[in-house]
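Written out below as structure tokens is the structure these notes cover.
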Amino acid sequence: MRRFTVVLYPEPEAGGYSVLVPLLPGCATQGETVEEALANAREAITLHVRGLEREDDYIPEEELPPIVTTVEVLAVEAATKAS
């Protein structure tokens with residue numbers, strides 16, 4: 001069993017969630033609910049890894065889970081005015 005971190009981004013205008021798999025560039029999906037987004041992520045990861053296996057490419061594995069957090073920065077307009 002392999003473990004992959006997935007990041008769900010809420011899509012306020014369109015609804016649902018976009019999903020990215022940071023360890024697998026190009027592996028992305030979406031879903032209307034968190035549950036659907038996670039189910040779709042499992043499927044997308046499985047297909048992506050199968051493709052890597054078929055091509056005999058390296059399949060990355062997470063040794064340690066990433067730290068996911070947010071930081072606050074000045075808005076571009078405020079930073080420009082402060083200069």
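Derivation of every value follows stated rules applied to the coordinates shown; laboratory data play no part. Source: prediction; values computed, not measured. Every residue, glycine as well, gets a Cβ built from its backbone with ideal geometry; the counts of neighbours run over all protein chains shown.
The charge dipole of the stretch 7-82, taken about its Cα centre with unit charges on the Cβ of Lys, Arg, Asp and Glu (plus for the first two, minus for the last two), comes to roughly 180 debye.
Between [x] -0.33, -0.39, -1.19, -1.41; [y] -0.27, -0.32, -0.94, -1.20; [z] -0.43, -0.49, -1.04, -1.25, which entry matches log10 I(q)/I(0) by the Debye sum over Cα atoms at q = 0.11, 0.12, 0.22, 0.26 Å⁻¹ as derived from the coordinates of this structure? Evaluating log10 I(q)/I(0) by the Debye sum over Cα atoms at q = 0.11, 0.12, 0.22, 0.26 Å⁻¹ on these atoms matches [z]. Angle of helix 34-54 to the longest C-alpha principal axis of the chain, folded into 0 to 90 degrees and rounded to 10: 60°.
Sorting check: for 54-65, 29-40, which peptide has the highest mean count of neighbouring beta carbons within 10 Å, and how do the rest follow?
Ranked from most to least packed, the peptides come out as 29-40, 54-65.
Tell me the relative contact order for the chain as a rounded percent, counting alpha carbon contacts under 8 Å between residues six or more apart.
Once divided by the residue count of the chain, the mean separation gives 22 percent.
Using the Cβ-Cβ distance between Ala39 and Thr69 with R0 set to 30 Å, the FRET efficiency works out to roughly 0.70. A simple spin-label model places the labels of Glu77 and Tyr9 2.2 nm from each other, with each point 7 Å out along Cα-to-Cβ.
Only helical runs count toward this figure. For the chain, summing -39,500 (n - 2.57) over DSSP H runs of n ≥ 4 and dividing by all residues gives -11000 deg cm²/dmol at 222 nm. Farthest toward the positive end of the dipole of the stretch 7-82, out of Gly15, Ile45, Cys27, is the Cα of Gly15, where the dipole comes from beta carbon charges about the Cα centre.
Among Glu72, Glu13, Glu43, which one moves the most in a GNM of the chain with springs linking Cα atoms closer than 10 Å? Its mean-square fluctuation being the largest, the pick is Glu72.
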